[in-house]
Amino acid sequence: MFNKIHPNLDYRESDRDFWNKEFENFVPDKIFDCHIHMFNKEALYHKYQPECQMPNADFKLIQRYHNQVFPNRKVNSLFLGFPYAGTDTSKHNDFMFEETLGDSYSVKNRLTTPDCTLDDIKNDINRGFVGLKVYRIYSVTGDIANCRIHEFLTHEQMELANDLGLWVTLHMSRSDGCGDEENLKDLEEYTNKKYPNIKWILAHCARSFTYEPIRKAIDRLKAMPNIYYDLSAVTDVRPFITLFQKENLNRIFYGSDGIDSSSFHGTYGAFGTSWQSIDLDKIDVHFKHTSNRPVIALYEQLLSIKHAAEIAQLGKTDIDKIFWSNASREFNIGFN
Ligand SMILES: [Zn+2]
């Protein structure tokens, strides 16, 4: 029996057996988790607090999480703010700042909405944040499914991010994610012309949970400067194969999307060009043909990364790049 460190992580013997069998010899002894969310309910405006079901994720809890899902690995983090509707962003960012005060092995991107002033951003960068975590739910258009980048990260904010050379973790909106023509044109303009000093981390394989977006976009994305990817939450093997075979491996970061979004038993299933998280404990399924049992979505992701690495014939140095050495180089942080 494992301690239940988080209400939404029911880590089982079958998960640990799977780790031992599949990942003990694959995942390096060091990991830089470039997509891990901190969350504090106290930072929500009062009227949002009673209905919030999200458990808190502070520094200590994230350490315990990493120890459980990545046994015997040294883990550094790029902490991200959690984009929850009703969040007082300065309170949330203060919380992240205080939680990480004693830790010199991690970096953090502040939660940033179009309401954040340039001074808010500058002050946080001055006290150690390296970049911004932006999200589509804050779009000024109110259309979270079809917004453009500048609708949830304003041009004024991008200008400042360009001046300061900030990182921006970007989860793209619009039906086809990175395969969307407007998104591609915007990124081409920003990276090549308008904001050449912003370093973009395109979350979730440039938001390609299925084969199609990244297949369509890869040649254009790889021609853009200052583009990076995190591999978080994707569990389909095909986007990883495309990235590993076609991108410069120096631009790829590992990310877990913990704790909340990858701890359920199931996958982010790809169905044609759509996808959906499938939590097997919430639907009526029976595994009659085998005594083997499902694993957490985080391990589905790792399994697909492993499989794609085999297909793309990556070596030990390549795997190290993805799991830790790229991030260690880019953020200039070693391991303790
Ligand atoms: Zn996330």
- prompt: Is there a residue in the range 12-34 that is open to solvent by less than 50 Å² (accessible area, probe 1.4 Å), under 26 Å from Asp281 (Cα atoms), assigned to a loop (DSSP other than H, G, I, E, B) and in contact (Cβ under 8 Å) with a residue 12 or more places away in the chain?
  reply: no
Has the range 116-128 got at least one residue that is among the polar types (S, T, N, Q) and assigned to a loop (DSSP other than H, G, I, E, B)?
yes
The range 284-334: helices (runs of 4 or more DSSP H) wholly inside it with 1 or more residues that are open to solvent by less than 50 Å² (accessible area, probe 1.4 Å) and aromatic (Phe, Trp, Tyr) are 297-311, 326-331
Listed by first then second residue, the pairs whose first member lies in the range 261-288 and is on the phi > 0 side of the Ramachandran plot, whose partner is open to solvent by less than 80 Å² (accessible area, probe 1.4 Å), with beta carbons under 8 Å and at least 6 positions apart or on separate chains, are Gly266/Ser277; Gly266/Ile278; Gly266/Asp279; Gly266/Leu280; Gly266/Pro294; Gly266/Ala297; Gly266/Glu300; Gly272/Thr210
Scanning the range 225-264 residue by residue, the ones that are over 18 Å from Ala312 (Cβ atoms) and either away from the ligand (no atom under 16 Å from the Cβ) or modelled with pLDDT under 95 (or both) total 4
Got at least one residue in the range 65-78 being farther than 25 Å from Trp324 by Cα, free of Cβ contacts under 8 Å to residues at least 40 places away in the same chain and away from the ligand (no atom under 15 Å from the Cβ)? no
**Message:** Lys306 - would you say it is modelled with pLDDT of 95 or more and under 22 Å from the mean Cα position of the chain (by Cα)?
**Reply:** yes
Among (1) within 16 Å of the ligand (Cβ to nearest atom); (2) more than 18 Å from the chain's Cα centre (by Cα), Lys216 falls short only on (1)
Filtering the range 5-57 for residues that are under 30 Å from Ser291 (Cα atoms), modelled with pLDDT of 95 or more and more than 16 Å from the ligand (Cβ to nearest atom) leaves a count of 19
Do we have Leu80 as of a type in the set (A, V, I, L, M) and open to solvent by less than 10 Å² (accessible area, probe 1.4 Å) here? yes
Restricting the range 196-206 to residues that are open to solvent by less than 10 Å² (accessible area, probe 1.4 Å) and away from the ligand (no atom under 15 Å from the Cβ), the one nearest to Gln157 (Cα to Cα) turns out to be Ile198
Worksheet item: Looking at Ala145, is it open to solvent by less than 70 Å² (accessible area, probe 1.4 Å), over 18 Å from the mean Cα position of the chain (by Cα) and either touching a residue at least 40 places away in the same chain (Cβ under 8 Å) or more than 26 Å from Thr242 (Cβ to Cβ) (or both)?
Response: no
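Every residue in the range 35-55 that is in a loop (DSSP other than H, G, I, E, B) and over 22 Å from Ala203 (Cβ atoms), please.
Tyr45, Gln49, Pro50, Glu51, Cys52, Gln53 - these are the residues of the range 35-55 that are in a loop (DSSP other than H, G, I, E, B) and over 22 Å from Ala203 (Cβ atoms).
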query = Can you find a residue in the range 79-87 that is under 23 Å from Tyr228 (Cβ atoms), within 16 Å of the ligand (Cβ to nearest atom) and either at pLDDT below 95 or not in a loop (DSSP other than H, G, I, E, B) (or both)?
reply = yes
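The values are calculated or read from the model by the stated rules, or taken from the named source; none is laboratory data. Note that the coordinates shown come from a computational prediction; the quantities given were computed from them, not determined experimentally. We place every Cβ from the backbone using ideal geometry, glycine too, and count neighbours over all the protein chains shown. Side chains are part of the model used for accessible areas, which takes the heavy atoms of the whole protein and leaves out ligands, DNA and RNA. Shrake-Rupley method; radii C 1.70, N 1.55, O 1.52, S 1.80 Å.
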